[in-house]
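Please read the structure below before turning to the comments.
The values are calculated or read from the model by the stated rules, or taken from the named source; none is laboratory data. This structure is a prediction, so every number in the text was calculated from the model and none was measured. Cβ sites come from the backbone with ideal geometry, for glycine too, and all protein chains shown count toward neighbours. To get the accessible areas, we keep the full protein, side chains included, count just its heavy atoms, and leave off ligands, DNA and RNA. Shrake-Rupley method; radii C 1.70, N 1.55, O 1.52, S 1.80 Å.
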Amino acid sequence: MKKILLLAIVACGFQMQAQTNSDLLKHYEGYYKQMRLQGDVQGIINAMTHLNVLSPSEARQDTLAYIYMSEGKYVQALNTIGVVKMSTDSDIAVEVKAVSLKAVKRPKLAIEHFNEMFKREQNPLVAYELAELNMQTNMQAEAQKHIDYGIANSEADMKKAFYETQSPYEVPLKSAFMYLNALATYNKDKKANIDAAVDILDSILKEAPNFNLVQLTKTELLRQKQVMQAQAAQEKK
(Lines give C-alpha, C1' and ligand atoms only; values in the text may rest on other atoms or scores of the structure.)
Protein backbone atom coordinates (compact mmCIF):
# COMPACT_ATOMS: atom_id res chain seq x y z
CA MET A 1 0.00 0.00 0.00
CA LYS A 2 2.86 2.37 0.90
CA LYS A 3 4.57 1.64 -2.43
CA ILE A 4 1.39 2.39 -4.35
CA LEU A 5 0.96 5.65 -2.44
CA LEU A 6 4.59 6.64 -3.11
CA LEU A 7 4.24 5.94 -6.82
CA ALA A 8 1.06 8.00 -6.92
CA ILE A 9 2.79 10.93 -5.23
CA VAL A 10 5.74 10.74 -7.63
CA ALA A 11 3.42 10.52 -10.66
CA CYS A 12 1.45 13.49 -9.37
CA GLY A 13 4.67 15.45 -8.91
CA PHE A 14 5.76 14.78 -12.50
CA GLN A 15 2.33 15.80 -13.77
CA MET A 16 2.41 19.06 -11.79
CA GLN A 17 5.94 19.76 -13.05
CA ALA A 18 4.84 19.17 -16.64
CA GLN A 19 1.86 21.49 -16.15
CA THR A 20 4.11 24.14 -14.58
CA ASN A 21 6.60 23.99 -17.50
CA SER A 22 3.76 24.09 -20.01
CA ASP A 23 2.26 27.13 -18.29
CA LEU A 24 5.61 28.88 -18.14
CA LEU A 25 6.27 28.17 -21.82
CA LYS A 26 2.90 29.67 -22.75
CA HIS A 27 3.62 32.67 -20.54
CA TYR A 28 7.03 33.41 -22.06
CA GLU A 29 5.83 32.72 -25.59
CA GLY A 30 3.15 35.35 -25.03
CA TYR A 31 5.68 37.66 -23.37
CA TYR A 32 8.05 37.22 -26.33
CA LYS A 33 5.32 38.15 -28.81
CA GLN A 34 4.38 41.21 -26.79
CA MET A 35 7.99 42.40 -26.50
CA ARG A 36 8.34 42.06 -30.26
CA LEU A 37 5.21 44.14 -30.78
CA GLN A 38 6.61 46.81 -28.45
CA GLY A 39 10.08 46.70 -30.01
CA ASP A 40 11.60 46.05 -26.58
CA VAL A 41 14.89 44.33 -27.41
CA GLN A 42 15.89 43.63 -23.82
CA GLY A 43 12.46 42.16 -23.21
CA ILE A 44 12.88 39.95 -26.27
CA ILE A 45 16.27 38.77 -24.95
CA ASN A 46 14.79 38.02 -21.52
CA ALA A 47 11.89 36.09 -23.02
CA MET A 48 14.07 34.08 -25.39
CA THR A 49 16.50 33.25 -22.55
CA HIS A 50 13.65 31.88 -20.41
CA LEU A 51 12.22 29.91 -23.33
CA ASN A 52 15.61 28.37 -24.09
CA VAL A 53 16.06 27.37 -20.43
CA LEU A 54 12.58 25.83 -20.23
CA SER A 55 12.78 24.12 -23.63
CA PRO A 56 16.30 24.22 -25.09
CA SER A 57 16.63 24.14 -28.85
CA GLU A 58 19.27 25.04 -31.40
CA ALA A 59 16.88 27.44 -33.12
CA ARG A 60 16.21 29.37 -29.90
CA GLN A 61 19.90 29.49 -29.01
CA ASP A 62 20.81 30.73 -32.50
CA THR A 63 18.06 33.35 -32.40
CA LEU A 64 19.18 34.62 -29.00
CA ALA A 65 22.80 34.85 -30.15
CA TYR A 66 21.73 36.67 -33.31
CA ILE A 67 19.78 39.24 -31.30
CA TYR A 68 22.82 39.86 -29.09
CA MET A 69 25.00 40.30 -32.19
CA SER A 70 22.50 42.69 -33.80
CA GLU A 71 22.60 44.82 -30.64
CA GLY A 72 26.41 44.96 -30.64
CA LYS A 73 26.66 42.63 -27.63
CA TYR A 74 29.28 40.42 -29.25
CA VAL A 75 30.69 38.84 -26.09
CA GLN A 76 27.20 37.80 -24.97
CA ALA A 77 26.52 36.39 -28.44
CA LEU A 78 29.66 34.27 -28.30
CA ASN A 79 28.94 33.17 -24.73
CA THR A 80 25.54 32.00 -25.93
CA ILE A 81 26.68 30.11 -29.01
CA GLY A 82 30.39 29.37 -28.54
CA VAL A 83 33.32 29.98 -30.89
CA VAL A 84 34.15 26.48 -32.15
CA LYS A 85 33.48 25.74 -35.81
CA MET A 86 30.91 22.94 -36.09
CA SER A 87 29.85 21.23 -39.31
CA THR A 88 26.29 21.16 -37.95
CA ASP A 89 26.11 24.91 -37.33
CA SER A 90 23.14 26.65 -38.91
CA ASP A 91 23.75 29.54 -41.31
CA ILE A 92 22.72 31.93 -38.52
CA ALA A 93 25.21 30.38 -36.09
CA VAL A 94 28.06 30.66 -38.60
CA GLU A 95 27.26 34.32 -39.24
CA VAL A 96 27.03 35.14 -35.53
CA LYS A 97 30.39 33.52 -34.80
CA ALA A 98 32.09 35.18 -37.77
CA VAL A 99 30.80 38.72 -37.17
CA SER A 100 31.18 38.58 -33.37
CA LEU A 101 34.73 37.20 -33.47
CA LYS A 102 35.74 39.94 -35.89
CA ALA A 103 34.19 42.55 -33.60
CA VAL A 104 36.10 41.30 -30.53
CA LYS A 105 39.43 41.34 -32.45
CA ARG A 106 39.83 37.60 -32.99
CA PRO A 107 40.58 37.72 -36.74
CA LYS A 108 42.10 34.24 -37.12
CA LEU A 109 39.05 32.58 -35.57
CA ALA A 110 36.72 34.89 -37.50
CA ILE A 111 38.35 33.81 -40.77
CA GLU A 112 37.38 30.18 -40.11
CA HIS A 113 33.70 31.07 -39.91
CA PHE A 114 33.74 33.58 -42.79
CA ASN A 115 35.39 30.85 -44.89
CA GLU A 116 32.49 28.57 -43.97
CA MET A 117 30.00 31.28 -44.95
CA PHE A 118 31.76 31.72 -48.30
CA LYS A 119 31.85 27.95 -48.82
CA ARG A 120 28.09 27.71 -48.30
CA GLU A 121 27.31 30.67 -50.56
CA GLN A 122 29.90 32.64 -52.51
CA ASN A 123 29.16 36.30 -51.96
CA PRO A 124 31.24 39.45 -52.65
CA LEU A 125 30.30 40.96 -49.28
CA VAL A 126 31.68 37.91 -47.46
CA ALA A 127 34.71 37.96 -49.77
CA TYR A 128 35.38 41.54 -48.63
CA GLU A 129 35.43 40.48 -45.00
CA LEU A 130 37.82 37.65 -45.84
CA ALA A 131 40.10 39.94 -47.86
CA GLU A 132 40.25 42.47 -45.02
CA LEU A 133 40.81 39.88 -42.29
CA ASN A 134 43.49 38.04 -44.27
CA MET A 135 45.32 41.33 -44.80
CA GLN A 136 45.19 41.95 -41.05
CA THR A 137 46.77 38.56 -40.38
CA ASN A 138 49.41 38.94 -43.13
CA MET A 139 47.89 36.23 -45.31
CA GLN A 140 48.51 38.27 -48.42
CA ALA A 141 47.94 35.53 -51.03
CA GLU A 142 44.56 34.63 -49.49
CA ALA A 143 43.64 38.31 -49.30
CA GLN A 144 44.52 38.85 -52.97
CA LYS A 145 42.41 35.86 -53.99
CA HIS A 146 39.33 37.38 -52.37
CA ILE A 147 40.13 40.87 -53.69
CA ASP A 148 40.30 39.53 -57.24
CA TYR A 149 37.02 37.66 -56.74
CA GLY A 150 35.34 40.78 -55.34
CA ILE A 151 36.47 43.07 -58.16
CA ALA A 152 35.23 40.53 -60.72
CA ASN A 153 31.89 39.79 -59.05
CA SER A 154 30.73 43.01 -57.36
CA GLU A 155 27.49 44.25 -58.89
CA ALA A 156 26.60 47.89 -59.46
CA ASP A 157 23.98 48.00 -56.69
CA MET A 158 26.29 46.54 -54.02
CA LYS A 159 27.55 49.07 -51.48
CA LYS A 160 30.07 49.17 -48.63
CA ALA A 161 29.70 51.53 -45.67
CA PHE A 162 32.62 53.35 -44.03
CA TYR A 163 32.62 55.06 -40.64
CA GLU A 164 35.88 56.97 -40.23
CA THR A 165 34.07 60.32 -40.59
CA GLN A 166 31.40 61.78 -38.31
CA SER A 167 28.83 61.01 -40.99
CA PRO A 168 29.02 57.42 -42.30
CA TYR A 169 28.98 57.10 -46.07
CA GLU A 170 28.67 54.38 -48.71
CA VAL A 171 30.70 53.65 -51.82
CA PRO A 172 30.32 50.97 -54.52
CA LEU A 173 31.58 47.64 -53.24
CA LYS A 174 33.88 47.32 -56.26
CA SER A 175 35.55 50.59 -55.25
CA ALA A 176 36.05 49.21 -51.74
CA PHE A 177 37.76 46.14 -53.22
CA MET A 178 39.95 48.36 -55.37
CA TYR A 179 40.98 50.22 -52.22
CA LEU A 180 42.07 46.93 -50.66
CA ASN A 181 43.91 46.17 -53.90
CA ALA A 182 45.79 49.46 -53.60
CA LEU A 183 46.80 48.56 -50.03
CA ALA A 184 47.84 45.06 -51.11
CA THR A 185 49.94 46.54 -53.93
CA TYR A 186 51.64 48.91 -51.52
CA ASN A 187 52.28 46.16 -48.96
CA LYS A 188 54.12 44.03 -51.53
CA ASP A 189 56.88 46.66 -51.70
CA LYS A 190 56.39 49.77 -49.57
CA LYS A 191 59.12 51.69 -51.37
CA ALA A 192 58.80 50.66 -54.99
CA ASN A 193 55.00 50.41 -55.21
CA ILE A 194 53.87 53.80 -53.89
CA ASP A 195 53.19 55.19 -57.36
CA ALA A 196 51.33 52.06 -58.44
CA ALA A 197 49.15 52.22 -55.33
CA VAL A 198 48.45 55.94 -55.87
CA ASP A 199 47.42 55.23 -59.46
CA ILE A 200 44.83 52.75 -58.19
CA LEU A 201 43.60 55.26 -55.62
CA ASP A 202 43.24 57.92 -58.32
CA SER A 203 41.14 55.57 -60.43
CA ILE A 204 38.90 54.89 -57.41
CA LEU A 205 38.31 58.60 -56.81
CA LYS A 206 37.04 58.98 -60.38
CA GLU A 207 34.29 56.46 -59.62
CA ALA A 208 33.72 57.33 -55.95
CA PRO A 209 34.81 60.93 -55.26
CA ASN A 210 33.24 60.78 -51.80
CA PHE A 211 35.56 57.94 -50.73
CA ASN A 212 37.24 59.86 -47.91
CA LEU A 213 39.45 56.99 -46.78
CA VAL A 214 40.98 56.76 -50.25
CA GLN A 215 41.87 60.45 -50.20
CA LEU A 216 43.42 60.13 -46.73
CA THR A 217 45.48 57.13 -47.84
CA LYS A 218 46.63 58.87 -51.02
CA THR A 219 47.74 61.90 -49.00
CA GLU A 220 49.72 59.68 -46.62
CA LEU A 221 51.40 57.74 -49.43
CA LEU A 222 52.43 60.95 -51.19
CA ARG A 223 53.80 62.24 -47.89
CA GLN A 224 55.87 59.07 -47.53
CA LYS A 225 57.14 59.50 -51.10
CA GLN A 226 58.25 63.06 -50.34
CA VAL A 227 60.09 61.91 -47.21
CA MET A 228 61.87 59.17 -49.17
CA GLN A 229 62.85 61.62 -51.91
CA ALA A 230 64.18 64.10 -49.34
CA GLN A 231 66.22 61.36 -47.67
CA ALA A 232 67.62 60.24 -51.01
CA ALA A 233 68.60 63.82 -51.89
CA GLN A 234 70.24 64.27 -48.50
CA GLU A 235 72.28 61.10 -48.98
CA LYS A 236 73.61 62.37 -52.30
CA LYS A 237 75.08 65.51 -50.71
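Cβ under 9 Å from Asn134's Cβ, Asn134 left aside: what net charge do those residues give with Lys, Arg +1 and Asp, Glu -1? Computed value for this residue: -1. Quick one: Cα centre-to-centre distance for the range 156-213 and the range 51-73, in angstrom? Measuring centre to centre over Cα atoms gives 37 Å. FRET efficiency for the pair Gln215 and Gln42, taken as 1/(1 + (r/R0)^6) with r the Cβ-Cβ distance and R0 = 35 Å, rounds to 0.30. Size descriptor for the chain, Kirkwood hydrodynamic radius: 21.7 Å (Cα pairs only, one decimal).
Report, in deg cm²/dmol and to the nearest 500, the calculated mean residue ellipticity at 222 nm for the chain, where each DSSP H run with n ≥ 4 adds -39500 (n - 2.57) and the sum is divided by the residue count. Let's see the in-between values first.
Numbers: 11 runs with 181 residues, N = 237.
Value at 222 nm, helices only, nearest 500: -25500 deg cm²/dmol.
Each of Gln166 and Lys236 was given a label point 7 Å from its Cα along the Cα-to-Cβ line. The distance between the two points is 4.5 nm.
Decide, for the range 115-221, between rounded, prolate and oblate: order the square roots of the alpha carbon gyration tensor eigenvalues as a ≥ b ≥ c, take rounded if a/c falls under 1.5, and otherwise choose prolate if a/b is larger than b/c, else oblate. Don't skip to the answer; put the middle values down first.
Details: a/c = 1.79, a/b = 1.18, b/c = 1.52.
Cα axes put the range 115-221 in the oblate bin.
Descending by average beta-carbon neighbour count within 10 Å, the peptides 216-223, 33-40, 59-66 line up as 59-66, 216-223, 33-40, the highest first. Accessible area per residue for the chain, computed on protein heavy atoms with a 1.4 Å probe, is 62 Å². Scanning residues 5 or more positions from Tyr169 or on other chains, those with amide H under 5 Å from its amide H are Phe162, with H placed 1.01 Å from N in the peptide plane.
Simple spin-label model, 7 Å along Cα-to-Cβ: Glu155 to Lys225 in nm? Here the answer is 3.7 nm between the modelled labels.
Under 1.5 on a/c is rounded, so check that first for the range 55-113, then, if it is not, pick prolate when a/b is larger than b/c and oblate when it is not; a ≥ b ≥ c are the square roots of the alpha carbon gyration tensor eigenvalues. Provide the component values of the computation, followed by the final result.
On the way: a/c = 2.16, a/b = 1.28, b/c = 1.69.
Oblate, because a/c is 1.5 or more while a/b does not exceed b/c.
Near Asp157, within a Cβ-to-Cβ distance under 13 Å, what is the net charge of the other residues, with Lys and Arg +1 and Asp and Glu -1? Neighbourhood net charge equals +1. Peptides 71-77, 117-123, 228-234, 148-154 ranked from most to least packed by the mean count of surrounding Cβ atoms within 10 Å: 148-154, 71-77, 117-123, 228-234. The calculated FRET efficiency for the pair Gln136 and Asp91, based on their C-beta separation and a Förster distance of 25 Å, comes to about 0.55. Take the Cα of Val83, step 7 Å toward its Cβ, do the same at Leu205, and the gap between the two points is 4.1 nm. Each peptide in 178-186, 156-164 was scored by the mean count of other Cβ atoms within 10 Å over its residues; highest first, the order is 178-186, 156-164. A probe of 1.4 angstrom, applied to the heavy atoms of all protein chains, finds Phe177 with accessible area near 0 square angstrom. Accessible surface of His27, taken over heavy atoms with a 1.4 Å probe and every protein chain present, rounds to 100 Å².
Rolling a 1.4 Å probe over the protein heavy atoms of the chain, with every protein chain left in place, gives an accessible area that is 55 percent carbon and sulfur.
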